[in-house]
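In what follows, a single structure is set out as structure tokens and then discussed.
Every number in this text was worked out from the coordinates using simple rules, so none of it is lab data. These numbers were taken from a predicted model, which means no experiment stands behind them. Using ideal geometry, Cβ is built from the backbone for each residue, glycine included, and neighbour counts are taken over all protein chains shown.
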Amino acid sequence: MKKIRVGILGVAAAAALCFTAGAVYLYARGVWQMPIPADRALPVLMYHHIVEDGEPCNDMTITVSRMEQDLRWLTEHGYHTVLPRELAGGEPLPEKPLLITFDDGYRSNYELLFPLLQAYQMKAVVSIMVYMQDVSADNFLSWDMCREMADSGLVEIGSHAYSLHNLGDLGGNFDPGGINGIQRDPEESDSAFEARVLGDIQKSHDRIAQAVGQPVTFFAYPFGITEPDAEAFVHELFPVTAVTRHGTADLGKGLHELPRMTVTMDRELEDILKD
């Protein structure tokens, strides 16, 4: 009986060792991800534009009713929203922290989102394409709107670059075969890259700080695309940055290039947060 028991224990130990080795191999290959400890996990939600009920939606838009539904669900399930400046300041995180982000700076962020944030006392960061504010573009936030939201303490204004979101002939759209966002053109000299890309990013930061009157701590990469030659500059300027890669942020790995979860009309928020 003793030999049988020892044999069983040996088989169990071997199985555990194989499982551990397999898990380490899959983790190293990026096939399987180790669970993030609860005290380091931060879900980051990504939204863009809100429309009135009944209007058509795409992958970048949700209805105002859906937005309220999401905020109500988060409240009922014990989530507490935080702002990038709170993360950057090292403030203790509340129970079940969550970061809500809005990219592009549509006027709906003021007209439809802001009243809901006030009603539910929840927070969000709105990252603006600063050129749109400087030219008073239709359908985008004005500087007065940005200031009012920021002064409430519920909204932080972040940068989505100045005009690098393909705002020229491409109308802000991604170019599959071209240079997008802050990407460097392979033919570009150091000085040309610094003027075109780094200068644009610096300008976005400085204009927000000047016009809103608050420190700028957050940068949402246009199209979620990073650039090695801009990384150090962006990290120095913004304590918190985010991309569009799907996943839950692990704060143990720092505050830069945080992954986000895209919210769309075709999936319930509860299911999105389970991914």
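Quick notes on this structure:
- Put simply, the amide H of Thr262, placed in the peptide plane, has neighbours under 5 Å in Met46, leaving out anything fewer than 5 places away on its chain.
- Acute angle (nearest 10 degrees) that the helix 2-28 long axis makes with the longest principal axis of the chain, alpha-carbon atoms: 20
- Given charges at beta-carbon only (K, R positive; D, E negative), |dipole| of the chain in Debye: 1780
- Sites listed here are GluC sites (Glu not before Pro) in region 59-119 whose DSSP assignment is loop and whose Cβ has at most 12 other Cβ atoms within 10 Å: Glu95.
- Placing R0 at 35 angstrom, the Cβ-Cβ distance between Asn139 and Ala209 gives a FRET efficiency of 0.90 after rounding to 0.05.
- For the pair Glu91 and Met60, label points projected 7 Å from Cα toward Cβ lie 3.1 nm apart.
- For the chain, the antiparallel share of DSSP beta bridges with both residues in that region comes to about 10%.
- Computed FRET value (nearest 0.05) for Asp185 with Ile225, which takes r as the C-beta separation and R₀ as 22 Å: 0.95
- Length-normalised contact order of the chain in % [C-alpha pairs under 8 Å, at least 6 apart]: 19
- Largest GNM mean-square fluctuation among Met265, Met132, Met46, using the chain with Cα springs under 10 Å: Met265.
- Taking Lys96, Lys253, Lys203 in turn, the Gaussian network model of the chain (Cα-Cα springs below 10 Å) assigns the largest fluctuation to Lys253.
- Loop exposure criterion: chymotrypsin sites (Phe, Trp or Tyr not before Pro), DSSP state outside H, G, I, E and B, at most 14 other Cβ atoms within 10 Å. Applied to the chain, the longest stretch between such sites is 33-173.
- Taking 0.36 nm per residue of sequence separation and removing the Cα-Cα distance, the Gln69/Ala195 pair yields an extension gain of 41.0 nm.
- Rounded to 10°, Cα long-axis angle of helix 64-76 versus longest principal axis of the chain: 40
- Residues in region 84-91 carry Karplus couplings, in order, of x, 5, 6, 5, 5, x, x, 5 Hz; the curve used is 6.51 cos²θ - 1.76 cosθ + 1.60 with θ = phi - 60°, and Gly or Pro positions show x.
- Highest-fluctuation residue, Gly90, Gly252, Gly172 considered, GNM on the chain with Cα pairs under 10 Å: Gly90
- Checking every one of the GluC sites (Glu not before Pro) in region 180-258 against DSSP loop status and a limit of 10 other Cβ atoms within 10 Å picks out Glu187.
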